[in-house]
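The values are calculated or read from the model by the stated rules, or taken from the named source; none is laboratory data. Quantities reported herein were computed from a predicted structural model and do not represent experimental measurements. So basically every Cβ, Gly included, is an ideal-geometry build from the backbone, and we count neighbours across all protein chains shown.
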């Protein structure tokens, strides 16, 4: 195997290991899991029961579904990141990651891409 092939294989192994560790940390953080997987369907069911009828000829539930999908994306991107960073800071995980030989930009990108 060439040097580039070995380097790529090492990168894939590191990526798989990092992905596994990120998943473990995500599922241990119950606040993130609740706000990403439980809260949007509950809110959709609640608002779907309240709003009935049509909006501009489209069923109100369909419009609500699109809005909830947007909410889910925004919540995952913004609120989920904030919760995750706070939990990792309180648990000392960010200090341990900072002690690794990763360059600081890659460390912060890894923390922000998470999950």
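Restricting attention to the range 73-115, the residues that are assigned to a loop (DSSP other than H, G, I, E, B) and either surrounded by fewer than 13 Cβ atoms within 10 Å (Cβ to Cβ) or modelled with pLDDT of 80 or more (or both) total 5. The lone criterion from (1) surrounded by 10 or more Cβ atoms within 10 Å (Cβ to Cβ); (2) free of Cβ contacts under 8 Å to residues at least 24 places away in the same chain left unmet by residue 57 is number (1).
Scoring residue 47 on the criteria (1) surrounded by 11 or more Cβ atoms within 10 Å (Cβ to Cβ); (2) within 21 Å of the chain's Cα centre (by Cα) leaves a single failure, condition (2). Count of the range 1-30 residues, restricted to those that are over 25 Å from the mean Cα position of the chain (by Cα) and either in contact (Cβ under 8 Å) with a residue 60 or more places away in the chain or within 23 Å of residue 90 (Cα to Cα) (or both), is 0.
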